[in-house]
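**Student:** Below you will find the structure I want to go over with you.
The values are calculated or read from the model by the stated rules, or taken from the named source; none is laboratory data. A quick note: this is a predicted structure, and the numbers were derived from the prediction, not measured. Neighbour counts run over all protein chains shown; Cβ positions are idealised from the backbone, glycine included. To get the accessible areas, we keep the full protein, side chains included, count just its heavy atoms, and leave off ligands, DNA and RNA. Shrake-Rupley method; radii C 1.70, N 1.55, O 1.52, S 1.80 Å.
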Amino acid sequence: MRQFSSMLNGLARSLRGKNSGNDDGREAAEAMAKDAKRNDLILRSSGSVNVDGSNNFASVFSKRGRKGVNQDCAIVWEEFGCQADMLFCGIFDGHGPWGHFVAKEVRESMPSSLLCNWQETLAQASLDPDTDLESDKKQQRFHIWKHSYLKTCAAVDHELQQHRKIDSFYSGTTALTIVRQGDLIYVANIGDSRAVLATTSDDGNLVPVQLTVDFKPNLPQEAERIIQCKGRVFCLHDEPGVHRVWLPDEKSPGLAMSRAFGDYCIKGYGLISVPEVTQRHITSRDEFVVLATDGVWDVVSNQEAIQMVSSTPDKAKAAKQLVESAARAWKKKRKGIAMDDISAICLFFHSSSPLE
């Protein structure tokens with residue numbers, strides 16, 4: 001508790017009297033990212049991250065589909081914001097002609113922007129006489145992270161629209177990210193990637209708990225918003241069951257998700273880049289969480305996914321095992337359909353995991 005309070009006070013002092021506090025904070029966050037990269041605390045490719053003394057172990061793997069360049073990408077950042085008990089990880093699924101550029105741009109800008117907004121929100125909360133950070137720390141932390149995520153996603157989407165070298169008018173990306181802070185995880189989701197927790201039930205079996213909603217256009221609340229904004233939702237004749245978002249008077253762009261960064265051609269017609277933010281307390285029963293793009297979930301169930309990961313003896317190869325299994329499932333279940341890009345992050349929570 002003393003460490004948390006001293007961190008608040010330090011952040012508050014750094015922001016007092018600064019007219020350009022946000023700019024300074026962003027520069028500081030970007031400097032932290034560079035330091036983390038130099039110290040091998042950031043992974044942006046297939047591989048694994050395991051820092052000495054950390055309770056986290058992350059396995060990452062991505063496989064290109066049969067549609068061209070791989071538009072999926074991922075990131076794991078240990079000791080996020082120079083905090084020993086924090087980790088950030090995210091998976092991004094681009095689409096459209098510039099989708100791979102959009103996904104990588106969001107991957108690069110989102111962590112630093114989130115860190116900056118979190119520090120600023122945290123410091124402002126410590127200065128607010130009406131905010132009691134010590135009385136209900138768990139709930140206050142959640143509100144701070146949720147506010148930080150909402151502010152970050154709005155800023156990232158705005159900056160992407162202004163980007164001079166990336167054309168996001170007909171291209172975009174999903175974004176599924178998790179921040180682990182001690183025994184809490186904060187999940188923010190935009191799009192149709194999915195996070196699934198593997199936890200032990202009372203009878204000792206490993207069971208899946210889906211932590212996110214797949215934001216598809218046919219979800220009632222999503223369809224209602226799109227239709228109210230004059231957008232359209234329907235399936236093509238040769239794609240029964242695949243609902244897409246369309247412009248009012250054009251058979252375009254046909255997005256298969258209802259939330260995304262970019263895609264400004266349809267942003268005024270119901271597509272949004274607002275994340276759903278949730279939290280979960282991690283207990284000794286919780287083994288790991290899987291973050292994966294829809295290339296996995298289109299052919300693999302939640303239960304199958306956690307079984308594949310838990311049965312992999314070498315945790316470093318867990319994500320590869322899941323992705324390669326999904327690729328084989330595509331060939332069996334989706335004959336004649338070009339395989340999508342397939343990517344996954346497996347984040348193990350306990351250094352004493354039986355898979356070690």
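**Student:** Look through the stretch 247-262, keep the residues that are touching a Ser or Thr at 6+ places or on another chain (Cβ under 7 Å) and not basic (Lys, Arg), and return whichever of them is surrounded by the fewest Cβ atoms within 10 Å (Cβ to Cβ).
**Tutor:** From the stretch 247-262, those touching a Ser or Thr at 6+ places or on another chain (Cβ under 7 Å) are 257, 259-262; that's our starting set.
Next cut, not basic (Lys, Arg) only: 257, 260-262.
Working: Met257: 25, Ala260: 32, Phe261: 30, Gly262: 32.
Top of the filtered list is Met257.
**Student:** Check the stretch 183-205 and report whether any residue there is in contact with a Gly (Cβ under 8 Å, 6 or more places away or on another chain) and within 22 Å of Ser171 (Cβ to Cβ). Spell out how you get there, then give the answer.
**Tutor:** The first filter runs over the stretch 183-205 and keeps only residues in contact with a Gly (Cβ under 8 Å, 6 or more places away or on another chain), leaving none.
For the stretch 183-205, residues in contact with a Gly (Cβ under 8 Å, 6 or more places away or on another chain) and within 22 Å of Ser171 (Cβ to Cβ): absent.
**Student:** I'd like to verify a number: residues in the stretch 218-241 that are assigned to a helix (DSSP H, G or I) and surrounded by 12 or more Cβ atoms within 10 Å (Cβ to Cβ), how many? If you could, list the steps in order and put the result at the bottom.
**Tutor:** Quick first cut of the stretch 218-241, residues assigned to a helix (DSSP H, G or I) only: 220-228.
Adding the requirement that they be surrounded by 12 or more Cβ atoms within 10 Å (Cβ to Cβ) leaves 222-227.
Within the stretch 218-241, residues that are assigned to a helix (DSSP H, G or I) and surrounded by 12 or more Cβ atoms within 10 Å (Cβ to Cβ) number 6.
**Student:** Of all residues in the stretch 81-105, how many are in contact with a Cys (Cβ under 9 Å, 6 or more places away or on another chain) and either hydrophobic (A, V, I, L, M, F, W, C) or farther than 20 Å from Val187 by Cα (or both)?
**Tutor:** Number of matching residues: 4.
**Student:** Identify all residues within the stretch 168-211 that are in contact with a Ser or Thr (Cβ under 9 Å, 6 or more places away or on another chain), crowded, with 20+ Cβ neighbours inside 10 Å and either aromatic (Phe, Trp, Tyr) or part of a loop (DSSP other than H, G, I, E, B) (or both); write none if there are none.
**Tutor:** Residues satisfying the conditions are Thr174, Tyr186, Gly191, Asp192, Ser193, Leu211.
Conditions tested, residue by residue: (1) touching a Phe, Trp or Tyr at 6+ places or on another chain (Cβ under 7 Å); (2) part of a helix (DSSP H, G or I); (3) at pLDDT below 50; (4) surrounded by fewer than 17 Cβ atoms within 10 Å (Cβ to Cβ).
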{"site": "Arg13", "(1), (2), (3), (4)": "no, yes, yes, yes"}
{"site": "Asn19", "(1), (2), (3), (4)": "no, no, yes, yes"}
{"site": "Arg26", "(1), (2), (3), (4)": "no, yes, no, no"}
{"site": "Ser45", "(1), (2), (3), (4)": "no, no, no, yes"}
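**Student:** Sticking with this one: Mind listing whichever residues of the stretch 206-241 are β-branched (Val, Ile, Thr) and over 21 Å from the mean Cα position of the chain (by Cα)? Spell out how you get there, then give the answer.
**Tutor:** Initial filter on the stretch 206-241 (β-branched (Val, Ile, Thr)): 207, 209, 212-213, 226-227, 233.
Scanning the stretch 206-241 gives Val207, Ile226, Ile227, Val233.
**Student:** For the stretch 290-322, how many residues meet the condition of being surrounded by fewer than 24 Cβ atoms within 10 Å (Cβ to Cβ) and either at positive phi or in a helix (DSSP H, G or I) (or both)?
**Tutor:** 14
**Student:** Where the second residue is part of a helix (DSSP H, G or I) and the first is over 25 Å from Phe288 (Cα atoms) and lies in the stretch 323-348, which pairs have Cβ atoms under 8 Å and are six or more apart or on separate chains?
**Tutor:** Close Cβ pairs satisfying both conditions: Ile337/Trp330; Met339/Gly295; Met339/Ala327; Met339/Trp330; Met339/Lys331.
**Student:** Right, here's the next one. Can you name the residue in the stretch 52-62 that is surrounded by fewer than 20 Cβ atoms within 10 Å (Cβ to Cβ) and farther than 14 Å from Lys315 by Cβ and is also modelled with the lowest pLDDT among such residues? Walk me through it before giving the result.
**Tutor:** Of the stretch 52-62, the ones surrounded by fewer than 20 Cβ atoms within 10 Å (Cβ to Cβ) are 52-55.
With the extra rule that they be farther than 14 Å from Lys315 by Cβ, the set shrinks to 52-53.
Details: Asp52: 78, Gly53: 74.
Step by step, filter the stretch 52-62, then rank; the result is Gly53.
**Student:** Which residues, taken from the stretch 263-289, are open to solvent by 30 Å² or more (accessible area, probe 1.4 Å) and touching a Gly at 6+ places or on another chain (Cβ under 7 Å)?
**Tutor:** Tyr269
For every residue, the table says whether it meets (1) among the small types (Gly, Ala, Ser); (2) open to solvent by less than 20 Å² (accessible area, probe 1.4 Å).
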residue: Gly68; (1), (2): yes, no
residue: Gln71; (1), (2): no, no
residue: Glu78; (1), (2): no, yes
residue: Gly81; (1), (2): yes, yes
residue: Ile91; (1), (2): no, yes
residue: Gly96; (1), (2): yes, no
residue: Gly99; (1), (2): yes, yes
residue: Ala103; (1), (2): yes, yes
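**Student:** Looking only at the stretch 145-156, filter to residues that are open to solvent by 10 Å² or more (accessible area, probe 1.4 Å) and in contact with a helix residue (DSSP H, G or I) (Cβ under 8 Å, 6 or more places away or on another chain); which one of those is farthest from Ser113 (Cα to Cα)?
**Tutor:** The first filter runs over the stretch 145-156 and keeps only residues open to solvent by 10 Å² or more (accessible area, probe 1.4 Å), leaving 146-147, 150-151, 154-155.
After this cut, where a residue has to be in contact with a helix residue (DSSP H, G or I) (Cβ under 8 Å, 6 or more places away or on another chain) as well, the list is 147, 151, 155.
On the way: His147: 13, Lys151: 9, Ala155: 8 Å.
Ranking the candidates gives His147 first.
**Student:** Could you grab me the full set of residues in the stretch 84-107 that are assigned to a strand (DSSP E or B) and within 25 Å of Arg244 (Cα to Cα)?
**Tutor:** Within the stretch 84-107, the subset assigned to a strand (DSSP E or B) is 86-95.
Correct list: Gly90, Ile91, Phe92, Asp93, Gly94, His95.
**Student:** What are the residues in the stretch 96-129 that are in contact with a strand residue (DSSP E or B) (Cβ under 8 Å, 6 or more places away or on another chain) and small (Gly, Ala, Ser), if any?
**Tutor:** Correct list: Gly96, Gly99, Ala103.
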